[in-house]
Amino acid sequence: MAHGPVLDRRSFGAGEVIFKEGDHGSVAYIVQTGTVELSRGRTKIADLNDGAIFGEMALIDGAPRMATATAKTNVNVIVLPKMLVDSKLAGVDPFVTRLLHILINNVRNFARLVD
């Protein structure tokens, strides 16, 4: 039976910063347990819970992180390396990949408007 790659898992304590706005992104994360807070400056954007993916935009478009991710509670995450995301996107219709880039660009442009 073939098995996929074994993905790394990490734990963060409540209050620990996972990444900061402006950082280069080489991995994305899936929340396994706990709550992660996303914020820009002093503005809270969202609380993410079990199953939520975050940090993915920087992997797709190569731009710096547009938010800070902080463990609001003790958090366990699955780490998704850029290489894995790239390999998944390589098999996708180019139209879909282009659409992803357009959507990410729209989100980043909207975020600049509200700053």
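Among the trypsin sites (Lys or Arg not before Pro) found in segment 21-115, those both in a DSSP coil and sparsely packed, with 14 or fewer other Cβ atoms within 10 Å of their Cβ, are Arg42. Sort out for me the Cα centre separation of segment 69-108 from segment 1-58, rounded to whole Å. Cα centres, segment 69-108 to segment 1-58: 11 Å.
Pairs of lysine residues in segment 9-114 that meet both criteria, 8 or more places apart or on different chains and Cα atoms under 25 Å apart, total 5.
In the distance distribution for segment 1-80, Cα-Cα pairs more than 15 Å apart total 54 percent.
Pairs of Cα atoms nearer than 8 Å and 6+ residues apart set the relative contact order; for segment 1-110 it is 35 percent.
Values quoted throughout were computed directly from the atomic coordinates according to the rules given, and no laboratory measurement underlies them. Because the structure is a prediction, the values reported are computed rather than measured. Here the Cβ is made from the backbone with ideal geometry for all residues, glycine too, and neighbour counts use every protein chain on show.
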